[in-house]
Every structure is written in C-alpha cells, then in structure tokens.
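Right, one structure below, let's go through it.
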Amino acid sequence: MTPTDRAEYLTGKTIAYTDMMMKRWDKLARLLIVKYNDQSIRPSQNGEILAGRPGPGFQRPEVPAYSPVFVDAVKAATGNRYVKPQEVRIQER
C-alpha cells in the first residue's frame, strides 16, 4: 500500500469505528434517560426497557424518594420554587 492508500484505509476504519461507538453511546443514553426519567426506575432487561400495559407480568416502575435531609436542604435554599402545587396550597392555609 502506498502512504496515501494507508491513510485512506485508516481514515475509513476510524470513521467506521467512530460511527459504531456513537450508535452504542446513543443507545445507552436513550436507555438511561427512559429508565430513570421522572424520578421513577422502569424495569429493563438486556438493555431494553420492559414496556407494557397492566396485566400478567406487568411491573410498575419503582419510585425512589429523596432523603429528608436533601429535601429540607433544597427547601431551605429555594423556598417554594420546587414544591408541588398541591403542597404549596396546603402550606398556605
């Protein structure tokens, strides 16, 4: 191979591997965003979200809670900015 052929070959391989890597990163990002969106953890298996409607074998997403220490620190720092609307109404009464 001439130096130009080698450069073209390596450039082609680099582009192919970069494209493959970016597709894998995109798939991972989509999995993580869907799995952990809206403070719930949706069940997954083999890199795929287990989707479905309520019925036999349906698993509801797990909803973890923030620790009370963290919630109190956010409330102290931001006031009512991040409090749910129904909680604000209850506190104002």
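Just a few scattered comments:
- Selection of segment 33-48 for residues being part of a helix (DSSP H, G or I) and either among the aromatic types (Phe, Trp, Tyr) or at negative phi (or both) yields 33, 34, 35, 37.
- Test: residue in segment 70-89 that is exposed (fewer than 10 other Cβ atoms within 10 Å of the Cβ), among the polar types (S, T, N, Q) and modelled with pLDDT of 75 or more: no
- Summed over segment 1-32, the residues that are in a loop (DSSP other than H, G, I, E, B) and of a type in the set (A, V, I, L, M, F, W, C) give a count of 1.
- Selection from segment 41-65 of residues that are among the small types (Gly, Ala, Ser) and either exposed (fewer than 11 other Cβ atoms within 10 Å of the Cβ) or at pLDDT 75 or above (or both): 44, 47, 51, 55, 57, 65
The values are calculated or read from the model by the stated rules, or taken from the named source; none is laboratory data. Note that the structure is a prediction, hence the values are computed from the model and not measured. Note that each Cβ is placed from the backbone with ideal geometry, even for glycine, and that neighbours are counted across all protein chains shown.
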